[in-house]
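*Asks:* Take this structure first; my questions come after.
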Amino acid sequence: MAADSKETTVTDEGSATAVDSAPPAASGRRLCPDELIRSFEADQQKNDLPEVYVGDTVRVGVRISEGNKERVQPYEGVVISKRHGGLNQTITVRRIFQGIGVERVFMVHSPQVASIKVERRGKVRRAKLFYLRERVGKATRVKQRFDR
């Protein structure tokens, strides 16, 4: 099929119009599937996110829709885990709410995540902080890091 091929479309009134049948391609060539996926993921990623590390205390603004209204609710806690990379990156945030530990997993580049703000940096020596689940009270505190 030639790049300048045209199809003729006939409307209900009987008039004929020429329509481009060639798929839109960047710089006049077709993208291979891998490049297409890479370019799509690059368009979907957020660029204004701060660098988040395990042990940081973060405030995540979560979009909540109630009926036809939408609001942003902050969720503050310690990042105990980071997984994956790129568009699929997730962080697990743990907080204590009314004496009960609550963990939420956020897709960092999701439209439901309005914003991420780092409140304080944590000084930890582990990639995952699952040991905080067994601790209560002051034992759940993470030392503060000042060099980042």
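Each value in this text was obtained by applying a stated rule to the coordinates, not by laboratory testing. None of these values were measured; they are calculated from a predicted model. Methodologically, a virtual Cβ is constructed for each residue, glycine included, from the backbone with ideal geometry; neighbour enumeration extends over all protein chains shown.
*Asks:* Return the long-range amide H neighbours of Gln89 (sequence gap of 5 or more, or a different chain), with a cut-off of under 5 Å between placed amide H atoms.
*Replies:* HN-HN under 5 Å from Gln89: Val108, His109.
*Asks:* In nm, what is the difference between 0.36 nm times the number of residues separating Glu66 and Ala127 and their Cα-Cα distance? Could you put the intermediate results ahead of the total?
*Replies:* On the way: separation 61, 0.36 × 61 = 21.96 nm, distance 3.63 nm.
The span from Glu66 to Ala127 would gain 18.3 nm if fully extended.
*Asks:* Over segment 100-144, one equal point on each Cα, no solvent: what is log10 I(q)/I(0) by the Debye formula at q = 0.25 Å⁻¹?
*Replies:* -1.15
*Asks:* Here's something else I'd like to know. Among Lys46/Lys128; Lys69/Lys123; Lys69/Lys128, which pairs are too far apart, with a Cα-Cα distance over 29 Å? It would help to have the intermediate numbers written out before the result.
*Replies:* Numbers: Lys46/Lys128 24 Å; Lys69/Lys123 39 Å; Lys69/Lys128 37 Å.
Result: Lys69/Lys123; Lys69/Lys128 exceed 29 Å.
*Asks:* For Ile116, enumerate residues with amide H under 5 Å from its amide H, sequence gap 5+ or separate chain, H modeled in the peptide plane.
*Replies:* Those lying under 5 Å, H to H, from Ile116 are Gly61.
*Asks:* Hey, what do the phi angles of segment 83-90 turn into as Karplus ³J(HN,Hα) couplings, whole Hz, using 6.51/-1.76/1.60 and θ = phi - 60°, x for Gly and Pro?
*Replies:* Karplus values, whole Hz, x for Gly and Pro: 9, 6, x, x, 5, 8, 5, 10.
*Asks:* Sticking with this structure for a sec: Let's test the formula: R0 of 22 Å, r as the Cβ-Cβ distance of Asn47 and Arg120. What FRET efficiency results, to the nearest 0.05?
*Replies:* Efficiency at R0 = 22 Å is approximately 0.40.
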